There are 2 protein chains.
Amino acid sequence: MQIDLDRRGNGSPPVYRQIADHIRGEIEAGRLDAGDRLPPIRALARDLRVNRDTVALAYDELVAEGRLEASVGRGTFVSAAPVAASAPHAAALATRVEALLEFERARPRYGAGAGSIPLHALVPDPALYPVAAFRRSVNRVLGRGGAQLLLYGDRQGHAGLRELLARRFRAHGIEVGPDEITLCHGASQGIALALRLFTEPGDAVAVEEPTYGNVLGALRALGLEAAPVAMTEAGPELGALERALGRPEVKLLYTIPTFHNPMGITTSLAHRRELLAAAARAGKPVIEDAYEMDLRFAGRELPPLAALDTNGLVVHLYSFSKSLFPGARVGAITARGRAVEGLQALRAASDLGGSPLVQAALADFVGSGAYDRHLGRLRRRLRSRAEALLDSLAREMPEGVRFTTPEGGYQVWVEFPGGIDTRDLFADALRAGVLVAPGYVFQHDGRASNGLRLAVAQTDEAAIRRGVALLAHVARERLATGRPVSASAGVQL
Amino acid sequence: MQIDLDRRGNGSPPVYRQIADHIRGEIEAGRLDAGDRLPPIRALARDLRVNRDTVALAYDELVAEGRLEASVGRGTFVSAAPVAASAPHAAALATRVEALLEFERARPRYGAGAGSIPLHALVPDPALYPVAAFRRSVNRVLGRGGAQLLLYGDRQGHAGLRELLARRFRAHGIEVGPDEITLCHGASQGIALALRLFTEPGDAVAVEEPTYGNVLGALRALGLEAAPVAMTEAGPELGALERALGRPEVKLLYTIPTFHNPMGITTSLAHRRELLAAAARAGKPVIEDAYEMDLRFAGRELPPLAALDTNGLVVHLYSFSKSLFPGARVGAITARGRAVEGLQALRAASDLGGSPLVQAALADFVGSGAYDRHLGRLRRRLRSRAEALLDSLAREMPEGVRFTTPEGGYQVWVEFPGGIDTRDLFADALRAGVLVAPGYVFQHDGRASNGLRLAVAQTDEAAIRRGVALLAHVARERLATGRPVSASAGVQL
């Protein structure tokens, strides 16, 4: 079988998809019949000069569509299943699913790095979860509330938890009552709901660049475009922000002003005011992702955007995922006026609301003081780990490498000189035994970046120092030689 | 203030909105200025000959938009807040939120019926929840799994629970492995995800009429139209179904073949086969909502659509909400081929997945046999309650009233003769102390219906008999007199 492959990779479909498309076309044109045997993976890979995994991926896709059947030991055959009737549906579905998966397929594969030093993940260390205290909370509320906690919840979420959160937010200067808070399934659901409330498919959303990768995924799943605004050390670049918000198709701004993901930057007070003024001039809402607001370990607190906002344009997102643990799947959306009702109606139409049991257990945990005790311990731990990271970056990294100095949260952004693409550095580091988050995953179009994110979520001080030393070593090598990534890297990007 | 109101209600906006629109226009035109005092609610209601609540609702909306300010004891004033900048945003948002809320605002208000006999709700009785056994499961899995259950879950959901569900589904004839199952946040999230996977805003979805009200809400929130297919005693009318699926804008069918909501009907085997053949001819997927599949208490089980489907077109939804309790917020989507990946990608982009703790506790509960013991008890209870309901309907209802005879689940559908609109009967029954679900909430366009749903979820046999006697009494009165609902009914529809 000969297939004309476009290998330039510049806007052309991935090679495995070109192969699958070709075979699908042959079946539809009747040139391949039910029962026909396809070339063995090894042979086709050799003929096409591609990796065997690439052919296997193409075959897998066609098996999933019901067009091919794999028979262990005998080979792969054109399916005799009655796909004719559902073929238009299957083709449309395949296109939709490919679009949805494109984003995830572009992510780095960390699989080969088991046993490595994990400086890549922004998932808090399970060793630090207050499991026993949370379990006591679960048992206390089940003992008290019983079956009532196993009913559907009300549309805003557990009133006690909203009351506690309102009190906490007021301590940060946000004038808010419990009725302006809606509990959601992690801040990620809050982001998706706010995007759906303010946009329609085809609209655009202003985002900082780099920004939180999962938001870029959420935009794609909703059929939205990203309008990137470059980051400076003080926050998003204001001229670019003003221009982006001025475009009619841009319907809102998504921003992470405190302990920015991936950069660790805190948007300055002056910048916060300018950002809000620009949003007010454009009359467009702002999603403030405050996912790490409780994780400050240095410097002075700045008011959240929601505390500075006088126009009711800010939708503020809180999360327990980084400050406690992600498995609760509880976040909170604070909004103003009509947006509150809109978000609640969208949530009800999405999943009929959250688990009253988990929300009540969290309320007990927060109300008992256990959450603040946990936050105190966590902040001390984070400060110590961040110091180890910043100290070893300063000691180990070659000249010309720059990095941010966060005042809270888990992550530091590191930028390399000499035209380094951190996609390559990621692969080098993976081989050397340290996992990092390469910058391209935070770019709206996945373009090359000379930055990468290091996170201290899952590593102690000693491992952090070892990891930075290894990373500095591969960076120095790459700066010296410009050596390209070998094909055996075990990395599929 | 004089306002020209369109009271015909036929496609014109609700009266409160006409009032709000008028005042908003006066402010924007500069005829009302910042600081101007609006007429007291009582006075304006009198002038316009509307209910005071209607004026209050209009004022509330404008307060929420920031255009009016209410000052206790002083009255309502045009706001001096700087709304100018965000006004376009606020207006667009108000339109969007109104569209989202329209569906919910049309729902019956049961508030005035506290203390009544609840024959309206399809929410299982908390008195029957196995709280102690579930609590033991939570503690067992937290003791074993600890912090690992508080991390993010994997994208398909807890593997053990999927394995157990696959085994249960295979016992119903569905050839499925755990990898074809994706856990979701209640079947309601599964419905929303499947709708998003197969449609785009502006598309249409074939639904039975009457059908599950929340699905009609989900369609609206996603910008989808309903293409209604009338129900017969054997399932959806096949000619109408074929015509609906033949329309290019109709992208899929949503059906409830077992213990239909609201009708309690089970689609016959012949009808199931015809339905699947029609879907295959059209090449369009079918969402099978099997939310009560484990609640059969009479008759012989029929194979689920997913067991009869040879084209991979069926997406099957399972739920613990009716068979155990809704507060777990766990359901399962069974799909084929590419749809599995698509649903998982959409779920990840919606909320990053469910709570591993709750899923693991459910797996323990199901795996220990506690779920099947609970189901056995629940089915016996449901059979006894259904017998009480059917028996008292046969005894009490006036001639010409017809009702379905379900073989499982919670609900019975009752149809009244003589041109009765059950919206009126609902109001009569509310006054008489019994709550029912009027048929219009299950119609895609909310049109009048002579049917209503009675559910035995939250009432014992004695209360069921009392409730039916009361309902029969008001039905008899209405049949005799045709008396309209008085304005003091406390019901806002």
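Taking the Cα centre of the protein assembly as shown as reference, the dipole from Cβ charges on Lys and Arg (+1) and Asp and Glu (-1) amounts to some 2300 debye.
Could you put B:Met397, B:Met1 in order, starting from the residue whose Cβ has the fewest other Cβ atoms within 10 Å? Intermediate results must be reported in sequence, preceding the final value.
Values: B:Met397 19, B:Met1 13.
The order, fewest Cβ neighbours first, is B:Met1, B:Met397.
Residues whose amide H comes within less than 5 Å of that of A:Gly353, counting only those at least five positions distant or on another chain, are absent (H built at 1.01 Å from N in the peptide plane).
For A:Ser319, the shell of other residues with beta-carbons less than 14 Å away shows a net charge of -2, using +1 for Lys and Arg and -1 for Asp and Glu. Geometric descriptor of region A:15-105, per residue, is 95 Å³ (volume of the convex hull of the Cα atoms). The mean count of C-beta atoms from other chains within 10 Å of the C-beta of residues in B:339-348, rounded to a whole number, is 6. Between beta-carbons, use under 11 Å as the cut-off and find the net charge around B:Phe259, counting Lys and Arg +1, Asp and Glu -1. With Lys, Arg at +1 and Asp, Glu at -1, the net is -2. Neighbour counts of C-beta atoms inside 10 Å place B:Asp33, A:Asp364 in the sequence B:Asp33, A:Asp364, starting with the fewest. The order of A:Ser319, A:Ser350, B:Ser268, going from fewest to most other C-beta atoms within 10 Å of their C-beta, is B:Ser268, A:Ser319, A:Ser350. Other residues within the sphere of radius under 11 Å centred on the Cβ of B:Phe134, judged by their own Cβ, net out at +2 (K and R +1, D and E -1). Under 5 Å from the amide H of A:Leu119 lie the amide H atoms of A:Leu435, each residue being 5 or more positions distant or on a separate chain, with H modelled from the backbone and absent for Pro and chain starts. Coupling constants for region A:331-336 follow from the phi torsions by the Karplus curve (6.51 cos²θ - 1.76 cosθ + 1.60, θ = phi - 60°), and in residue order they are x, 9, 9, 9, 9, 10 Hz; glycine and proline get x.
Can you check what the Kirkwood hydrodynamic radius comes to for region A:44-160, Cα pairs only, in Å to one decimal? Could you put the intermediate results ahead of the total?
Details: mean 1/r = 0.0487 Å⁻¹.
Computed over region A:44-160, the radius equals 20.5 Å.
Given Cα positions, please report Rg to Rh for chain B, the hydrodynamic radius being the Kirkwood one.
Details: Rg = 25.0 Å, Rh = 24.9 Å.
Reported Rg/Rh (Cα atoms, Kirkwood Rh): 1.00.
Scattering from the protein assembly as shown was approximated by placing one identical point on each alpha carbon and applying the Debye formula without solvent; log10 I(q)/I(0) at 0.07 1/Å stands at -0.65.
Sorted from shortest to longest, the distances between the B:Thr232 label points of this copy and the other copies are 7.2 nm, with each point 7 Å from Cα along the line through the beta carbon. Counting from the shortest, the label point at A:Arg52, 7 Å from Cα toward Cβ, is 8.2 nm from the same position in each remaining copy.
Put the Cα centre of region B:1-68 next to the Cα centre of region B:119-139 and the gap is 45 Å.
Give the average, rounded to an integer, of partner chain Cβ atoms located within 10 angstrom of each Cβ in B:269-282. Could you put the intermediate results ahead of the total?
On the way: counts 0, 0, 0, 0, 0, 0, 0, 0, 1, 0, 3, 5, 2, 4.
Mean number of neighbouring Cβ atoms from other chains: 1.
In chain B, a dipole from Cβ-located charges (positive for Lys and Arg, negative for Asp and Glu) runs towards its positive end, and of B:Pro40, B:Ile27, B:Val340 it is B:Val340 whose Cα lies farthest in that direction.
Here A:Val63 yields copy-to-copy label distances, from shortest upward, of 6.3 nm, the label point defined as 7 Å from Cα along Cα to C-beta.
Run the numbers on region A:68-192 and let me know its relative contact order in percent, using alpha-carbon pairs under 8 Å that are six or more apart. Write down the numbers at each step before the final one.
Details: 39 pairs, mean separation 14.5, N = 125.
Averaging sequence separation for qualifying contacts and normalising by length gives 12 percent for region A:68-192.
Residue by residue along B:146-154, Cβ atoms of other protein chains within 10 Å of the local Cβ number 6 on average. Our summary gives chain B a relative contact order of 19 percent, counting only alpha carbon pairs under 8 angstrom and 6 or more residues apart.
Whole-Hz Karplus values for region A:365-376 come out as 5, 5, x, 7, x, 5, 5, 5, 4, 4, 4, x Hz, taken residue by residue from phi with 6.51 cos²θ - 1.76 cosθ + 1.60 and θ = phi - 60°; glycine and proline positions read x. Only DSSP H runs of four or more residues enter the estimate; each adds -39500 (n - 2.57), and after division by the residues of chain B the mean residue ellipticity at 222 nm equals -14000 deg cm²/dmol. Remark: spin-label model distance A:Arg144-A:Asp179 equals 2.4 nm, labels positioned 7 Å along the Cα→Cβ axis.
Which GluC sites (Glu not before Pro) from region B:365-429 combine a DSSP loop assignment with at most 12 other Cβ atoms within 10 Å? Passing both the DSSP loop test and the Cβ count: B:Glu399. Axis angle, to the nearest 10 degrees, between helix B:269-282 and the longest C-alpha principal axis of chain B: 70 degrees. Close amide H contacts of B:Leu224 (hydrogens built in the peptide plane, cut-off under 5 Å, sequence separation of 5 or more or a different chain): B:Gly202. If one takes the longest principal axis of the Cα atoms in chain B, at what angle in degrees, from 0 to 90 and to the nearest 10, does the Cα axis of helix B:131-145 lie? Helix B:131-145 and the main axis of chain B meet at about 70 degrees.
Evaluating 6.51 cos²θ - 1.76 cosθ + 1.60 at θ = phi - 60° for every residue in region A:167-173, the Karplus couplings come out as 4, 5, 5, 4, 5, 9, x Hz, glycine and proline recorded as x.
Every read-out reported here was derived from the displayed coordinates using simple, explicitly stated rules and does not represent laboratory data. From a predicted model like this one, the values you see are computed outputs, not experimental measurements. Positions of Cβ are backbone-derived with ideal geometry, glycine not excepted, and every protein chain shown enters the neighbour counts.
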